[in-house]
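Asks: Could you have a look at this structure, given as structure tokens, before my questions?
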Amino acid sequence: MNFPVCNRKGKTPRRPPKKPSNNQKDPVGVYCRVRPLGAEDEECCIEVISNTTIQLHAPDGLKANRNGEFKETQYSFKKVFGIKTTQRELFADVAKPLVEDLIHCKNGLLFTYGVTGSGKTYTMTGSPGQGGLLPRSLDMIFNSIGPYQAKRYVFKPDDKNGMEVQNQVDALLDRQKRDSQTSVPKTPTTRRIDPEFADMISPEEACKAGEVDEDSSYSVFVSYIEIYNNYIYDLLEETPFDPIKPKPPQSKILREDQNHNMYVAGCTEVEVKSTEEAFEVFWRGQKKRRIANTQLNRESSRSHSVFIIKLAQAPLDADGDNVLQDKSQVNVSQLCLVDLAGSERTSRTRAEGNRLREAGNINQSLMTLRTCIEVLRENQMCGTNKMVPYRDSKVTHLFKNYFDGEGKVRMVVCVNPKADDYEETLLVMRFAEMTQEVEVARPVDRPICGFAAGRRQRNQAFKDELTHRLEERGGPVDGESPTVLNQLLQSFHPLPPCEISGPNDDVTLPRLIDALEKRHKIRKLMVEEYNKTGKITLLRAQDSNLLSKENFIQEQRGRLGEKDKMIQNQKNEIDRLEKKSKMLEYKIDILQKTTNIYEEDKRSLQHELESREQRLQREMSEKRRMETRMQGIVTDAKLKWEKECERRVNAKQLEMQNKLWVKDEKLKQLKAIVTEGKTENRQPQRPSREKDKVPGEVFKTRGGGQAVQFTDIETLKQENPVAASRKRRSSETGPDGEPMERNWTNVETRCSVAVEMRAGSNLGPGYQHHGYPKRRKP
């Protein structure tokens, strides 16, 4: 065995460099499985178009889009499995290639994805008579490597995601220790297992891998963990039961091994030797898994479960009898089968308390998975180098190596066709479509051991021949009995005493003769054995020549196999490119249809824009005509009012001139009255006038009446009625002793009346001025 060399200064040894990346990449294989409806009268929203395409129909009661209707969307997958697909057909297309890669030292990751109640757990686990992907994978592994399994405890985990090889003595001691523990039952072939898994797979459905390296020994280790509320728990961990104060399970942590692969530190790894034993280990962990009853699923998984199958294999030594005691020659491959918890909406499940917290953590981890896929897709398609947030969730952090090129990745999208899950199914389809565009580096083939092939067969042939020879001679048949040479050596007895006691001693010589005869017989047998050994040497020489020829043939076959692999890879690449071309043509067709729709919308919008522009131009021309018309109206009104103002100003000037003239005339008359009043006769003389004669010019007013403009001033005198009543007072005299003068009307009264008549333009058309004012009442 190789022992590690410690550094002198206690420094941490330098980590080995990462494995060289492979330039060849394969897309993530995404498959779709449609489960049957729960009831026949339920509305269906999914239709299987072909074996690679499905179509989604919007249910009737869902809110429509802006055009008033939902468009039917189609999604393509690597393969679509309808409601009539059996578990055997699903396994043959999805998981069987991963199991074959596992036997050929390549890793694989297979996980189921979908909304709650879409059939993920049934697809992974199955039911009695209809075993799922997990039990069928285990059955195929043991059917393939059954005759080549190593004895228990020959391979032993080193707690650092690696394997150690123990010698036969240490393995035997560990087996004896296990057998002495009554708490750990043995694994007989007739063991009674749980009825849940008793009839998972019928014998006629059993399958095995095509090519298995017969010159290697194999051992299978399984572990079962769950990720609950973003914490990792070991479902196979044996904890002592305390009914008074039970201990809660302890969460595990993730670590990185020397090859930069992530693993769960301290996780229990159980070595299993049969399908039944593996079923029992799985069922033991399944009973500890957290499930709950929700509105949408009676047994809803509340955590992500991960079942890890590790296959350790190492070549046999040159004799083909024991496992080669070299840790560097041990190859460990693993297949991870992941049952992701379903995404759900709390508004539909009506979750509260712990269920609500569980749903939040489930949705958050699935959202982190989508984010990682989006970043990987963007980095590959756009050439960016963004950091993928693997560490945001335990699920993505645990499987980051698979997306970095440590194995194949395949996903089974489970969908429920009922109309109530339409919106959630639409999101799942978009995620699946995006995942198909992510490419993962193809795993590199492991180096092949340099020993000659066929060692196990030759060793078995030698043992069979030896057993046949022993049977012919009546020797032991058990393969574990000593060889012929050891038997001969053990048959030598010491010579009896040779001293003769006397001449009559008849016992010593016969006894010595008998012993020598036995030794002579043994010598003959040894000579025969030596001759056989010489023949065996000759056979070995011939066998070495045959081996050299076989090695040459094997090399030629290896080269031919490489050529065949290269041709197959090229064919696969051509098929992938053809599928990609078909997908791109389909997308181009969809984009062309979308472009046509947009072109029609564009033409309709342009037509509407042109009509609106024409309407706007008509409105603008109408507005300009209206402005021109209003400007003309305003100009006419302005001219009219200017003339009216000029006329009114002239009339006002004439009126003011008349008033001034009237005042001048009044002043003259007052002066004449003052100077002539004393000399004139005080008897009033009524001036003569002609009937209906107006002393002035008559003109029409705006109101339709007539006005008079005086050209002469009349002096009118009239007796005041009040003064007439005072005639009785004739005796009264004035201050100078003369009788008092009568009270006549003033000239000013006559002039003011005339002016008022001239100024009043609102008189009616029937008015006629007679030259005299109306008499006022006293």
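Asks: Using θ = phi - 60° and the Karplus form 6.51 cos²θ - 1.76 cosθ + 1.60, what ³J(HN,Hα) does each residue of the range 648-657 get, whole Hz, x for Gly and Pro?
Replies: Coupling constants for the range 648-657: 5, 5, 5, 4, 5, 4, 5, 5, 5, 4 Hz.
Asks: Explain nothing, just compute: Karplus ³J(HN,Hα) = 6.51 cos²θ - 1.76 cosθ + 1.60, θ = phi - 60°, for every residue of the range 504-511 in order, whole Hz, x for Gly and Pro.
Replies: Couplings: 9, 7, 9, 10, 5, 5, x, 5 Hz.
Asks: Turning to a different aspect of this structure: Could you give each residue of the range 154-167 its phi-based ³J(HN,Hα) in whole Hz, using Karplus coefficients 6.51, -1.76, 1.60 with θ = phi - 60°, and x for Gly or Pro?
Replies: Using θ = phi - 60°, the values come out as 5, 9, 9, x, 9, 6, 10, 6, x, 10, 10, 10, 9, 6 Hz.
Asks: Of C382, C336, C207, which has the most accessible area with a 1.4 Å probe, and how do the rest follow in descending order?
Replies: From most accessible down to least: C382, C207, C336.
Asks: Still on this model: At 1.4 Å probe size, put F431, F451 in order of accessible surface, largest to smallest.
Replies: F451, F431
Asks: May I ask you to derive the FRET efficiency for I253 and Q542 from their Cβ-Cβ distance with R0 = 45 Å, giving the value to the nearest 0.05?
Replies: After rounding, the FRET efficiency stands at 0.15.
Asks: Can you list the residues, at least 5 places off or on another chain, whose amide H is less than 5 Å from the amide H of N322, using H built in the peptide plane?
Replies: Those lying under 5 Å, H to H, from N322 are D317.
Asks: Which far-off residues, 5 or more places away or on another chain, put their amide H under 5 Å from the one on H57, with H placed in the peptide plane?
Replies: The answer is I46, E47.
Asks: For W283, W661, what's the largest-to-smallest order of accessible area, 1.4 Å probe?
Replies: From most accessible down to least: W661, W283.
Asks: Please calculate the 1.4 Å probe accessible area of D159, with all protein chains present, and give it to the nearest 10 Å².
Replies: Ignoring ligands and nucleic acids, D159 comes out at about 130 Å².
Asks: Taking H as built 1.01 Å from N, whose amide H comes closer than 5 Å to the amide H of Q149, not counting residues under 5 places away?
Replies: For Q149, the qualifying residues are Y218.
Asks: Same structure, new question: If the only charges are +1 at each Lys and Arg Cβ and -1 at each Asp and Glu Cβ, what is the size of the charge dipole of the range 25-457 around the Cα centre, to the nearest 20 debye?
Replies: The dipole of the range 25-457 has a size of about 880 debye.
Asks: Taking the full set of protein chains and a 1.4 angstrom probe, give the accessible area of L324 in square angstrom, rounded to the nearest 10.
Replies: The value for L324 is about 40 Å².
Asks: Ignoring ligands and nucleic acids, what accessible area does T86 show with a 1.4 Å probe (Å², nearest 10)?
Replies: Roughly 60 Å² of T86 is accessible to a 1.4 Å probe.
Asks: Counting Lys +1, Arg +1, Asp -1, Glu -1, what net charge surrounds F81 among other residues with beta carbon under 12 Å of its beta carbon?
Replies: So the environment of F81 carries a net charge of +4.
The values are calculated or read from the model by the stated rules, or taken from the named source; none is laboratory data. Nothing here was measured: the structure is a model prediction, and the numbers come from that model. Cβ: placed from backbone, ideal geometry, glycine included. Neighbour counts: every protein chain shown. Please note that ligands, DNA and RNA were not included when accessible areas were found on the heavy atoms of the full protein model with its side chains. Shrake-Rupley method; radii C 1.70, N 1.55, O 1.52, S 1.80 Å.
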